[in-house]
Amino acid sequence: MTWTAEAVATRARNLRSPKFGVIAEVRKLIQGVEGVVDMGYGEPNFNTPEHIREAAKRAMDEGHTHYVLPTEGLEPLRQAISRKLQAENGIVVDPATQVLVTAGVQEAINVALLALVNPGDEVIMPDPYYYVDPLGVMLAGGTPVYTHLREENDFRLDVDDVKSKITAKTKAIIYISPNCPTGSVFPREDLQALAELCAERRIFILTDEIYEKLIYDGTEHCSIASLPAAQDITISMFGFSKAYAMTGWRVGFLVASAELVRTMLEVHTQLVLCTNSIAQHAALAALEGPQDCVEDMRRDYETRRNTLVDGLNRLGFKCKRPPGSFYVYSNVTGFGMPASQLAKILAKDARVVGYPGSAFTNGDDGENYLRFAYTKDIDSVRLALERMEKVVETLPKGGEA
Ligand SMILES: Cc1ncc(COP(=O)(O)O)c(C=O)c1O
């Protein structure tokens, strides 16, 4: 290794999940291969709805090409966010002091962690996780502490387990609901218990609600900040990427008490100065415009989910219909081989990509799961199932042997 490579800061060198290797190995097998059904990434296949794109074009033509001041975000956008939260989430915030528009939930996560976590602090998070969460904690100098989401508990949060993980160093818990990568949704009663626990033990709550609109079967999405016990200790993070198919625009937002937002604003300004002006105008159009585009996409995802889950179960995977997000975290123990081996076989022989659970966990059961993102159209989902069926038929029935 060159001395320049060796001399980089430890914090930067550590900013790579050791689990990425397993995804890289799968992706290598499909490099340059035509016609792959890639259900690895959580990237919506839809284009951003037209009225949102038009708003962005207008913003450019009208000269909204400057820094956005104040740096917490466009005032009309913060007002629209505040109205949305009150109407949809039961969260009441002052748009002037309690809203921060960020470069996606990604920035919100890091801004919140950098604002809260001191070196040595512990942050509890569900495992399996979104890889950004443990890395964000480490970037801030903290230590991730994991609470396992178990399949037999429908991948719900186990608040008693969270309680058992609390130490004098615990600063916060960060969770995602609807969940990535499992597709579970944490019910109100569990969040009520979590809110009470965290309020009593003086622990901050960070919620990633990016999948709030991708929810099925009439399941309720509960925002913990709407519960009185959690109101002052919660940083709630929301996005446009998934529900409005706006991953490339890099815009999201967080809300919290005015006191916390003041501190996070300093971190945000230091990192990015302000969020992209054109994207903020687009986000405003997303919130204020017709919402049937969101519902149309949601229905489409629901159809794909049903087709995918039914098909996977027919093929020997085991999975229930996950109530939220656009992931199926399927149990592959019936195939009698580790998930990473199965993922490679499927990538090579079926040209279908799913990610092994070991990429999302610190625990030892990751090799029991394959995650599929149903972010491809229904025909592609059907094609993936047909191709996988042909490959799976050739596998030894290892799990049953
Ligand atoms: C759980 C979760 N949070 C945050 C993000 C990033 O969101 P954004 O595009 O708003 O930065 C993703 C993207 O895949 C995600 O799955």
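The values are calculated or read from the model by the stated rules, or taken from the named source; none is laboratory data. Model, not experiment: these values are computed from the prediction. Heads up, the Cβs are rebuilt from the backbone with ideal geometry, glycines too, and the neighbour counts pull from every protein chain shown. Just the protein is used for accessible areas: all its heavy atoms, side chains included, with ligands, DNA and RNA removed. Shrake-Rupley method; radii C 1.70, N 1.55, O 1.52, S 1.80 Å.
For the reader, a short list of remarks on this structure follows.
- Boolean, Leu383 is touching a strand residue (DSSP E or B) at 6+ places or on another chain (Cβ under 9 Å), open to solvent by 30 Å² or more (accessible area, probe 1.4 Å) and in a helix (DSSP H, G or I): yes
- Residues in segment 34-62 that are buried (at least 18 other Cβ atoms within 10 Å of the Cβ) and closer than 19 Å to Val251 by Cβ were compared, and the one that is modelled with the lowest pLDDT is Gly42.
- Residue count for segment 214-234 satisfying the condition of being under 22 Å from Asp296 (Cβ atoms) and either more than 15 Å from the ligand (Cβ to nearest atom) or buried (at least 23 other Cβ atoms within 10 Å of the Cβ) (or both): 6.
- Here Ser325 does not qualify as farther than 25 Å from Cys222 by Cβ and either not aliphatic (A, V, I, L, M) or not assigned by TED's automatic domain parsing to the domain that holds Ala373 (or both).
- Within segment 175-192, considering residues that are in contact with an Asp or Glu (Cβ under 9 Å, 6 or more places away or on another chain) and over 18 Å from Arg371 (Cα atoms), the one most open to solvent (accessible area, probe 1.4 Å): Arg188
Here is a yes/no grid of residues against (1) surrounded by fewer than 20 Cβ atoms within 10 Å (Cβ to Cβ); (2) assigned to a helix (DSSP H, G or I):
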site: Cys293; (1), (2): yes, yes
site: Thr303; (1), (2): yes, yes
site: Asn306; (1), (2): yes, yes
site: Asn313; (1), (2): yes, yes
site: Arg321; (1), (2): yes, no
site: Tyr329; (1), (2): no, no
site: Gly334; (1), (2): yes, yes
site: Gln341; (1), (2): yes, yes
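- Hits in segment 42-80 - residues which are within 16 Å of the ligand (Cβ to nearest atom), touching a Ser or Thr at 6+ places or on another chain (Cβ under 7 Å) and not small (Gly, Ala, Ser): Glu43, Pro44, Asn45
- Number of positions in segment 194-208 that are open to solvent by less than 40 Å² (accessible area, probe 1.4 Å) and part of a helix (DSSP H, G or I): 4
- Selection status of Lys376, of a type in the set (D, E, K, R), part of a helix (DSSP H, G or I) and on the phi < 0 side of the Ramachandran plot: no
- One residue from Ala168, Ala199 being in contact (Cβ under 8 Å) with a residue 24 or more places away in the chain and more than 11 Å from the ligand (Cβ to nearest atom): Ala199
- The conditions of being modelled with pLDDT of 95 or more and either open to solvent by 10 Å² or more (accessible area, probe 1.4 Å) or closer than 17 Å to Arg78 by Cβ (or both) are not met by Ala172.
- Candidate set: segment 235-266, residues that are within 16 Å of the ligand (Cβ to nearest atom) and of a type in the set (Val, Ile, Thr); chosen: the one nearest to Ala87 (Cα to Cα): Val255
- Single residue of Tyr211, Tyr130 found to be on the phi < 0 side of the Ramachandran plot, outside any strand (DSSP E or B), open to solvent by 50 Å² or more (accessible area, probe 1.4 Å) and among the aromatic types (Phe, Trp, Tyr): Tyr130
- Within segment 82-123, being polar (S, T, N, Q), within 12 Å of the ligand (Cβ to nearest atom) and part of a helix (DSSP H, G or I) holds for Gln106, Asn110.
- Matching residues, segment 63-82, being free of Cβ contacts under 8 Å to residues at least 40 places away in the same chain and in contact with a helix residue (DSSP H, G or I) (Cβ under 9 Å, 6 or more places away or on another chain): Pro70
- Picking from residues in segment 78-110 that are touching a strand residue (DSSP E or B) at 6+ places or on another chain (Cβ under 6 Å) and of a type in the set (A, V, I, L, M), the one that is surrounded by the fewest Cβ atoms within 10 Å (Cβ to Cβ) is Val93.
- Matching residues in segment 268-291 - criterion: being closer than 30 Å to Asn118 by Cβ, more than 16 Å from the ligand (Cβ to nearest atom) and outside any loop (DSSP other than H, G, I, E, B): Thr269, Gln270
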